[in-house]
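The values are calculated or read from the model by the stated rules, or taken from the named source; none is laboratory data. Not measured: the values here are computed from a predicted model. Neighbour counts run over all protein chains shown; Cβ positions are idealised from the backbone, glycine included. Accessible surface areas use protein heavy atoms only, side chains included; no ligands, DNA or RNA. Shrake-Rupley method; radii C 1.70, N 1.55, O 1.52, S 1.80 Å.
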Amino acid sequence: MKKAMITILILALLGGGGYGAYYYFYLGGSAATERVSSSSEDAVYVEKVSVITGYGSGTGVVDRYSGEVEAQATLEIKLDSNRTVDECYVEVGDVVEEGQALFSYETQEEEDQIAQNEIDIEKQQMEIQSYEAQITSYEKLIATYKDEDDILEANLQIQSFQNSIRSLEYEIQSLQVENESLQETIDGAVVTADMGGIVQKISDTEDDSDSYYSSSDSSVYITILAEGDYRIKGTINELNYYDIYEGIAVIVYSRVDASQTWTGEITDISTEQDEKDSDSYYYYSSSSSDTSTYSFYIDLDSSEGLLLGQHVYIEVDSGQSEEKTGMWLEEFYIIQEGDSAYVWLANTSNLIEKHEITLGEYDEELAEYEVLDGLEVDDYIAFPYDGISEGDPVIYSDIAVVSEVDDSADLDDEEEYYDADADEEEVDPDVYYDVDEGIYYSIEEDDDVFYEEDDDEEYEDSFAVIEEEE
């Protein structure tokens, strides 16, 4: 008996606005007998209308990014590297007010230095007094001298005393300036909060890596988060960087409950590459593990229901949250000639044809037309790129290419086989996987009957293994 099997051809579905990658493995059923993908290099790629339009699902294919809830403002109090903390007056979780004392530095060293400087100033003042007394004595002697040499020598001695006094006065002035600076340091030993908020972190300065909000700057001692409304910090891949801009409206989705949403707009986009991409999720987007990521920030219309540190999804608001009845198709799929409108449709002969449709209203914001007639959700259409001609074969986005294998192939053999046409991944001829059901099926003694490995329920003639009699 000559046998054939289905090799799954993995196709990247450029959905909706051309974003992303969509993978789907098709394993037979009634549709396989009606539609067959061509293996021709000239075949036209077609997508299912229900996937393109999001008909019945509420949304189409949308670029989605990861985000995280953070405080609108963060105050980081850094330590003076030359000082030591004496006492901390707050704990993590405390709510503090602007101007409230947070901690104090040790000041004993500064106090001791001021005391020593005062002693030195007092000594120097006494020396000045001594020089002044000697100057007075020499001035009296000069009045009694007759010899010019004695007068000159006395004057030189007076000048020496005066120079010493000026030097001491300078030293006294320097010490007084130093004491003023030391006193300022003492007076500023108590550090206060420049804004009110919640104490999020107090570093032990030896290891602050456990903190969620730990800063790369080890000098940060206390972190305070502003109370009130939150903002969202999002992450975007370099391949999508120019898909967003400041002022664009966005929708924020809860990861655990898709019905929970918030709205806002992007207020800032970072031009600096993120140091660590710890939680980047890109849905229906062309992200890559070897590309750079950047941060952007969202101001919310309301942050009610959000938790600090909560992880969320972010989508650009293209009106997808608004429910619209009927089928709406993006205009770039539509060819308009005069009063008529057409799409490139895959017909029942698996060939492309120019197919007329009837249009209704036009949504300028989303650039979509309502399709009133001529198109069904189960139809397949192609993007109207240059080079499409009527009668071209098609490749369906979710239907496998059927190709024959070598006659000598034995399904019972343990060796692995390749599809000669697709030349893709290895195929295990004994095991088949139903993606919809999430169950493996395998061939038993009767090739026409398949058994579900979980409960041995029989399925006859219902899976994508094609047999041809010799």
In the range 290-349, residue least open to solvent (accessible area, probe 1.4 Å) [restricted to those that are among the charged types (D, E, K, R), closer than 30 Å to Gly93 by Cβ and not in a strand (DSSP E or B)]:
Asp301
Of the residues Glu47, Glu106, Glu110, only one is charged (D, E, K, R), in contact with a helix residue (DSSP H, G or I) (Cβ under 8 Å, 6 or more places away or on another chain), at pLDDT 90 or above and surrounded by 13 or more Cβ atoms within 10 Å (Cβ to Cβ); which?
Glu110
Please work out which residue is most open to solvent (accessible area, probe 1.4 Å), limiting yourself to the range 364-384 and to residues that are part of a loop (DSSP other than H, G, I, E, B), closer than 22 Å to Arg35 by Cα and of a type outside the set (Gly, Ala, Ser).
Glu376
Test Ser37 against the stated conditions and say whether it is open to solvent by less than 40 Å² (accessible area, probe 1.4 Å) and at pLDDT 90 or above.
yes
Any residue at all in the range 110-132 that's over 26 Å from Gln176 (Cα atoms) and in contact (Cβ under 8 Å) with a residue 24 or more places away in the chain?
no
So which residues in the range 70-80 are part of a loop (DSSP other than H, G, I, E, B) and either of a type in the set (A, V, I, L, M, F, W, C) or open to solvent by less than 40 Å² (accessible area, probe 1.4 Å) (or both), if there are any at all?
Ala73, Leu79
Pair list, Cβ under 8 Å, 6 or more apart: the range 81-93 residue touching a residue at least 24 places away in the same chain (Cβ under 8 Å) and assigned to a strand (DSSP E or B), other residue surrounded by 14 or more Cβ atoms within 10 Å (Cβ to Cβ) and among the small types (Gly, Ala, Ser):
Val85/Ser104; Asp86/Ser104; Asp86/Ala189
